[in-house]
Amino acid sequence: MTDSNDTEQEIERLKRRLAELEARQTASVSQQGSGAAAHSGGTALGQGAVLIGGNVVGDISTGQIIHNAARSGAGKMNPR
């Protein structure tokens, strides 16, 4: 049976080893054009896309908003 001091020493040794491995880790991503790239668990979205990770109340705008609405009194024969 290991005593708690041995366990603590092993945990510290593993933490140092993890830090060494993380320091060696490198990543490189290159993207050209309107596509998307993701790395290390990321999410790639296309041009103009929006990722919603929770609840949204209201509008989400990714650019110019154009409202096309008929004026009062407008009809098929009188579009105004």
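The values are calculated or read from the model by the stated rules, or taken from the named source; none is laboratory data. Everything quoted here is computed from the prediction, not taken from an experiment. Note: ideal-geometry Cβ built from the backbone for every residue, glycine included; neighbour counts use all protein chains shown.
Evaluate the stretch 28-44: report whether one residue or more is out of contact with any Pro (no Cβ under 9 Å at 6 or more places or on another chain), β-branched (Val, Ile, Thr) and modelled with pLDDT under 80. Yes, there is a match, as at least one residue in the stretch 28-44 is out of contact with any Pro (no Cβ under 9 Å at 6 or more places or on another chain), β-branched (Val, Ile, Thr) and modelled with pLDDT under 80. Kindly evaluate ARG13 against the criterion of being at pLDDT 85 or above and surrounded by 10 or more Cβ atoms within 10 Å (Cβ to Cβ). Answer is yes for this residue. Scanning the stretch 36-65 for residues that are surrounded by 10 or more Cβ atoms within 10 Å (Cβ to Cβ) and either on the phi > 0 side of the Ramachandran plot or not hydrophobic (A, V, I, L, M, F, W, C) (or both) turns up just one, GLY42.
Does ASN55 fit the bill of being modelled with pLDDT of 85 or more and in a helix (DSSP H, G or I)? So ASN55 fails the test. Within the stretch 49-64, residues that are under 16 Å from ALA36 (Cβ atoms) have Cβ atoms under 7 Å from residues that are of a type in the set (A, V, I, L, M) in these pairs: VAL50/ILE60; LEU51/LEU45; THR62/VAL50, counting only partners at least 6 apart in sequence or on another chain.
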